[in-house]
1. Does at least one position in region 27-47 carry a residue that is modelled with pLDDT under 85, closer than 30 Å to LEU162 by Cα, assigned to a helix (DSSP H, G or I) and of a type in the set (Ser, Thr, Tyr)?
2. Go over the candidates HIS207, HIS169 one by one and state the one that is touching a Leu at 6+ places or on another chain (Cβ under 9 Å) and either farther than 29 Å from CYS279 by Cβ or modelled with pLDDT under 85 (or both).
3. Among the listed residues ILE9, ILE20, ILE15, identify the single one that is under 28 Å from GLY111 (Cβ atoms), at pLDDT 90 or above and part of a helix (DSSP H, G or I).
4. Could you give every pair whose Cβ atoms fall below 7 Å, whose first residue belongs to region 359-383 and is among the polar types (S, T, N, Q), and whose second residue is surrounded by 11 or more Cβ atoms within 10 Å (Cβ to Cβ), counting only separations of at least 6 or pairs across chains?
5. Being within 20 Å of CYS205 (Cα to Cα) and buried (at least 16 other Cβ atoms within 10 Å of the Cβ) is the filter here, so list the residues in region 364-397 that pass it.
6. Can you tell me which of (1) free of Cβ contacts under 8 Å to residues at least 60 places away in the same chain; (2) among the small types (Gly, Ala, Ser); (3) within 25 Å of ALA342 (Cβ to Cβ) is the one SER134 doesn't meet?
7. Does SER50 satisfy the criteria of being modelled with pLDDT under 90, under 22 Å from the mean Cα position of the chain (by Cα) and either in a loop (DSSP other than H, G, I, E, B) or under 20 Å from THR198 (Cβ atoms) (or both)?
Amino acid sequence: MQSKKLTFIESVMLIAGAGIGTGIISIPYAIARIGVFGTLTALAVAYVVSVFTYLMLADLVRNSKEPEDLIGSLNEHVFTGKGRRVLNVVFLVLLALLLLEFLVVYTLCAGNVLADLFGINGALAKTLFYLAASSIVFVGVKGMGVGEKISVTLIGVVVIGLTVLSLFHRHGTIPLSFGRGSVVFAVYGLFMYSLSSTFAVIQVCNHIEKPEQTDAPAEGDAKGKPDRTGQAVVWGIALNGILTTVFSVAVILGSENVTEIATIGLSRGIGIPFVKVLCSLLVLGAMFTSFWSIGFAFSDVVSCRFKRSTQLSWLITTLPAALIAVLVPLSVLDYVQIGAGALSLIFLLVVFPAYLHAVKDPIQPLLLGKLSGKRGLIAFVVIGTVLMAAASLIPIS
């Protein structure tokens, strides 16, 4: 039914919210170690690479006969021949580990903030976040779209408020310099990870409101209504980058010491009691949006591959993340950099080859138009992705 489809705004918010959680939390700590020009360079390059990457992913999904989950698209375009079953299983395991790592980061961040806000045990805080986040499974993708719209709007309002407060309670400065090259390189990798929206793009491709199709192979319908999937990708990634960068500036200006969980240092630096609540709302909003997007993507994989209900698939895929967040004592940045490297490998090994196969004989209009499949564009995106993988190996501190 049309009413269960995602509107354009909900699609933008879904893509923006997919990775904004890790960006808002971890990037200020890294940016505090470089200068303005280094930050803008890392952000600009990461944005351009990300936009082309996820438009390519969208073209892959839109031109697949099984677009509901990534493995279905890969089965059609890459996993063929005698080794198909083995490749399918290997990739399913790798994908599961990556998605699990995403969920661990979101649970860890939210749990740390809840524990600091209410003075409760960390394990209890992570458990409470998991239970609250899991309630979204009962309202489906449309409910998630509405939730993302509310959460990202809340994040934007809070970011603006915190930025204004930080200007009146300044403790730090951002130097007008480039910064150390290796750290700028590492920040590029973090921006790439923060702007990542792999599974949100897949969900948007499958659930965005679409115009009625005509016989003409053009993007749009007889009334001139365009398919806005590409616009949702471009604007969603842009909104993510803007909010993350503005918040990073607020954190650096308002914190006496920028902490790894950025909101903790900011609330202490400003020193006004209600700011701690605002910072907590910001983190929780960011973590909920990201957890919902990845949680649904992970459960979709299990539901499609093993024919299980959405609720059971959600439990199978997300509960281990809560357990790992409680039991495995790694820092947020450790998890984020591991995830950045793993995500880049998935794109290099399977997504880009699948895209090249899909655009040879497309069944839907290509979002990248005449640029689709061009060697120069492929080389640019592959190099950007290789650099993302390399950047994940560089320690921030």
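1. Within region 27-47, the subset modelled with pLDDT under 85 is none.
No.
2. On the way: HIS169 fails: either farther than 29 Å from CYS279 by Cβ or modelled with pLDDT under 85 (or both).
After ruling out the rest, the residue left standing is HIS207.
3. On the way: ILE9 fails: under 28 Å from GLY111 (Cβ atoms); ILE20 fails: at pLDDT 90 or above.
Result of the check over ILE9, ILE20, ILE15: ILE15.
4. Cβ pairs passing all conditions: GLN364/ARG62; GLN364/ASN63; SER372/ASP59; SER372/VAL359; SER372/LEU366.
5. GLN364, PRO365, LEU366, LEU367, LEU368, SER372, GLY373
6. Unmet condition: (1).
7. no
To keep it simple, each residue is scored yes or no on (1) in contact (Cβ under 8 Å) with a residue 60 or more places away in the chain; (2) more than 18 Å from GLY384 (Cβ to Cβ); (3) crowded, with 22+ Cβ neighbours inside 10 Å.
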site	(1), (2), (3)
GLY19	yes, no, yes
ILE25	yes, yes, yes
ILE34	yes, yes, yes
SER50	yes, no, yes
TYR54	yes, no, yes
ASP59	yes, no, yes
GLY72	yes, yes, no
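The values are calculated or read from the model by the stated rules, or taken from the named source; none is laboratory data. Since the model is a prediction, treat every value here as computed from it, not as a measurement. Because the Cβ atoms are built from the backbone with ideal geometry, glycine has one as well, and the counts that use them run over all protein chains shown.
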